[in-house]
1. Radius of gyration and Dmax for region 135-257's Cα atoms, expressed in Å?
2. Quick check: the distance between the Cα centres of region 140-186 and region 261-313, to the nearest angstrom?
3. Taking 0.36 nm per residue of sequence separation and subtracting the Cα-Cα distance, how much length would be gained by fully extending the chain between Lys283 and Thr314, in nm to one decimal?
4. With the crude spin-label approximation of a point 7 Å out along Cα→Cβ, what separation in nm comes out for Asp67 versus Asp8?
5. As a test of the formula, what do you get for the chain when each DSSP H run with n ≥ 4 contributes -39,500 (n - 2.57) and the sum is divided by the residue count, at 222 nm and rounded to the nearest 500 deg cm²/dmol?
6. Which cross-chain or sequence-distant (5 or more) residues have an amide H under 5 Å from the amide H of Arg178, H modelled 1.01 Å from N in plane?
7. GluC sites (Glu not before Pro), restricted to region 283-369: which are DSSP loop and have at most 11 other Cβ atoms within 10 Å?
8. Once both axes come from the Cα atoms, what is the angle between helix 378-389 and the longest principal axis of the chain, in degrees from 0 to 90, rounded to 10?
Amino acid sequence: MRRRTGRDVTGLLQDFGHELPAKPVLAAPEKEPQLFRTQLGRGALRRGAGWAATMKPPVAGYRMTSDQAAVLWPWLAGPGLPPTGALIGMDNQSGGKFYADPVGWVRDNDIPVTNHNIFSMGKPGVGKSSTTKAFVLRMLCLRNYRAFIPGDPKDEYERLCRFLGVEPIAIGPGLGARINPLDFGPLITGWADLSAAEAHKRAQIMFGRWLTLLAGLVGSQRVGATPVPFGPNEQAVCQAALEQLTGWSEGATHLRVTTIPHLWAALDDPSTQLVATCRYETKQEFMDDTRLLRNALLQLVKGRLAGLFDTETTVDIDWQAPIQSLSLSRLDGLGDEAVGIALTCVNSWGRGMREMAAREDVRIIVRDEAWRQFRLGTEAIKSFDADLRFSRGKGNEGGDVQFAVMHKPSDLLSVGDQGSQASMIAKDLLELADVKILHGQKPSVASELDEMLGLGPVAKNLITGWAMQDKGRAVWSIGDRIHQVSTLLHPIERQLTWTQPVEEAS
């Protein structure tokens with residue numbers, strides 16, 4: 001029988017238009033004759049050389065460029081991530097374990113990640129919530145990590161909180177918990193002993209946070225289809241009123257706590273000093289120019305959310321606890337707009353509570369149902385945008401891992417008309433999160449993701465095929481790297497992360 005001869009490596013690469021580089025022939029250096037043999041049969045004795053069974057191992061040697069190597073060995077996976085952080089599950093590309101460590105990835109120059117924010121997307125029922133809770137629970141096992149859910153619209157985190165010995169705080173009509181979005185937070189600590197420069201710095205931070213909140217709340221109100229404007233005039237009026245209400249304009253040693261009803265009352269019956277500070281000639285001119293602003297604030301004071309965010313904060317949160325959650329499910333009957341406004345208020349309040357966090361205090365901030373806040377308009381998007389931009393902390397302050405959960409890219413695209421400012425800001429939010437967890441989606445939604453993120457056909461097919469076949473499967477986009485990950489849950493974690501009440505009842 002005649003033996004057939006196939007193509008060698010040179011012929012294979014030539015069929016694909018590549019030429020093997022010639023291996024340079026090096027002249028063997030002349031060696032001086034040795035009297036004794038100094039090399040053992042099991043390998044050379046030198047530091048770091050290890051041990052070899054033979055001096056001539058039976059392996060083939062190849063010389064080629066990196067793009068040629070992919071033709072000869074197409075199934076080799078790239079280098080994996082370091083085994084630090086929370087063990088999530090299995091990396092189906094390499095067959096090894098997959099660890100999630102967003103903060104560690106930022107510090108590692110070999111990983112193309114510059115911020116530790118996370119966006120998680122997936123259609124309902126694909127394990128999006130269980131992956132989020134597993135990440136939170138396992139990161140809490142590491143030193144200095146804690147979790148904060150500033151708004152839980154569906155009470156999904158109540159089981160997890162109680163499992164960790166923490167009672168979630170419920171906010172709703174008729175309940176005792178109250179949140180003041182205009183709370184000072186820790187910035188007021190030791191105010192009387194601060195230098196003038198430090199007091200001015202802290203005041204700028206507080207008033208800036210409050211104005212961002214008010215812009216989002218006022219902008220959520222509409223006259224027909226047009227949002228109520230919050231431009232330079234409205235901003236100047238609100239800041240002047242807040243400075244008078246708190247005593248900052250008077251140089252008070254101890255600042256006074258103020259609320260949104262106090263602000264509305266100050267604008268509805270302005271003092272002569274406020275009118276003059278805002279550069280109006282008469283009180284009537286002030287009243288005419290601020291009518292829309294006052295009516296928008298009045299809706300927040302006496303509207304559907306009356307009695308929730310209109311007085312001083314009544315809850316005392318233990319920030320040393322492993323997790324804290326504000327449950328908002330009691331507001332669900334008030335509509336998506338009311339829930340979105342509540343999310344804006346509690347997010348602003350939570351940001352204020354974190355403004356002087358210790359450098360080693362890393363908090364995982366889970367923003368569930370973020371799409372409800374997006375639909376409030378441009379100013380609400382700007383408030384969310386500010387949280388993502390300052391997630392790495394400032395100066396010696398601690399940073400936060402912002403973990404936003406939504407269903408699909410249209411949650412970002414539906415905030416305004418195509419090409420509008422709100423739509424552009426919402427799309428840019430994806431650039432503020434270098435880690436994206438992409439669960440199963442329909443082909444049309446996956447095409448939107450591919451268009452916005454440039455995933456490529458391989459990742460797109462994984463999202464529409466492999467990720468849809470079982471819960472917890474997702475494509476983790478970490479910088480420009482793609483990882484095919486299956487989240488594995490312990491039986492106890494399955495009970496804590498279960499979010500299907502209809503199936504549970506049946």
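1. Radius of gyration, then largest Cα-Cα span, for region 135-257: 19.0, 51 Å.
2. 31 Å
3. Net length gain for the segment: 7.6 nm.
4. 2.5 nm
5. The per-residue figure over the chain is -10500 deg cm²/dmol.
6. Thr314, Val315
7. Sites meeting the loop and neighbour criteria: Glu360.
8. 50 degrees
The numbers here are math on the coordinates, done by the rules we state, and not lab data. Remember, predicted model here, so these are calculated numbers, not experimental data. Don't worry about glycine lacking a Cβ; one is built from the backbone with ideal geometry, like all the others, and counts go over all protein chains shown.
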